[in-house]
1. Do we have T120 as among the β-branched types (V, I, T) and either without any contact (Cβ under 8 Å) to a residue 60 or more places away in the chain or within 25 Å of S144 (Cβ to Cβ) (or both) here?
2. Scan the range 216-254 for residues that are under 23 Å from M25 (Cα atoms), assigned to a helix (DSSP H, G or I), of a type outside the set (G, A, S) and in contact with a helix residue (DSSP H, G or I) (Cβ under 9 Å, 6 or more places away or on another chain) and report the count.
3. From A69, A96, A89, grab the single residue that is closer than 22 Å to G192 by Cβ, hydrophobic (A, V, I, L, M, F, W, C) and buried (at least 19 other Cβ atoms within 10 Å of the Cβ).
4. Somewhere in the range 107-119, is a residue surrounded by fewer than 15 Cβ atoms within 10 Å (Cβ to Cβ), basic (K, R) and modelled with pLDDT of 95 or more?
5. Determine, yes or no, whether S77 is under 20 Å from G192 (Cα atoms), within 16 Å of the ligand (Cβ to nearest atom) and surrounded by fewer than 16 Cβ atoms within 10 Å (Cβ to Cβ).
6. Quickly run through the range 7-22 and pick out the residues that are touching a residue at least 40 places away in the same chain (Cβ under 8 Å) and hydrophobic (A, V, I, L, M, F, W, C).
7. Which numbered condition trips up D166, out of (1) closer than 18 Å to H71 by Cα; (2) away from the ligand (no atom under 15 Å from the Cβ)?
8. Consider G157 against the criteria (1) outside any helix (DSSP H, G or I); (2) under 17 Å from the mean Cα position of the chain (by Cα); (3) at pLDDT below 95; (4) more than 24 Å from V42 (Cα to Cα): it satisfies all of them except one. Which criterion is unmet?
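The values are calculated or read from the model by the stated rules, or taken from the named source; none is laboratory data. Everything numeric in this text was worked out from a predicted model, so none of it was measured. Cβ coordinates were reconstructed from backbone atoms using ideal geometry, including for glycine residues, and neighbour counts include every protein chain displayed.
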Amino acid sequence: MRMLPAFAEIAPGVKRIVAPNPSIMTGPGTNTYLVGDNDIAVIDPGPAIAEHIENIIEKSNTCIKWILATHTHPDHSPAVASLAEASNAEVLGMPAPEGRYQDKTFAPTRILGAGDVLETAEFRLEAVHTPGHASNHLCYRHASLNWLFTGDHVIDGSTVVIDPPDGDMKHYIESLQRCKDLNVAALAPGHGEVIEDPTRAIDWIIEHRLERETKVLAAVASHPGLTTQELVPQVYQDVDPRLYGWAERSLLAHVLKLEADGVVSSMDGRWHA
Ligand SMILES: [Zn+2]
């Protein structure tokens, strides 16, 4: 993934701050977006790193009125609580579901659902429910720019982990199609650079996922009776072995989708076509 400037104005009235949490999972770090010039909405304040929270407050000239989260994974929402306390801003999003890797401190003062709108004097953001990476994942469409803030639903230059049971591959692909149908001009992802050709990027992800699904099915058919862990090296030859733990989660998401489609079945954690 390309390096990003720590701070940039990426469109009129939209600024991006990159959180100092780069890693193999987060790329250059989590993108925090500031929307508006006077009264500001912060999208995804990121991890609770004091230096990053101070930076958000400073770059907003202390005019934060709304804080939105795309979802409640630990690299996106834990800074919400301190930022809300410092700014008295309204907190918007969907509460954390059950399960691991969820930020239970996220406490929205306004729970959003599909189609809900935040309308201000300067901009209008519409919530688009996009389950798949996370069941409570929302993307936000900026009406006048016709941009979509995509969180981890679509990221730049890489694919995201689908970790069952909260992650769901079937929902993920359906949600990608929904985003494609919005015909937005650009995607502002949770990690990486602005994506200028949304249709091409989304088509690539769908194609890539279906290709992987074909590989999973072929591996199950030619090596019947393997566990997901044993299937990983057959299906993810192109992936850094340090990521095999996560690859196994995505592989599980694929076999669960194939099971729902009636193509494979499992017995005692061993898969058969
Ligand atoms: Zn993320």
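1. Criteria met by T120.
2. Total satisfying the criteria: 15.
3. A69
4. Yes, the conditions are met somewhere in the range 107-119.
5. On the way: under 20 Å from G192 (Cα atoms): yes; within 16 Å of the ligand (Cβ to nearest atom): yes; surrounded by fewer than 16 Cβ atoms within 10 Å (Cβ to Cβ): no.
Taking the combined requirement at face value, the residue does not satisfy it.
6. Listed by number, the residues that qualify are F7, I10, A11, V14, I17, A19.
7. (2)
8. That leaves (4) as the condition not met.
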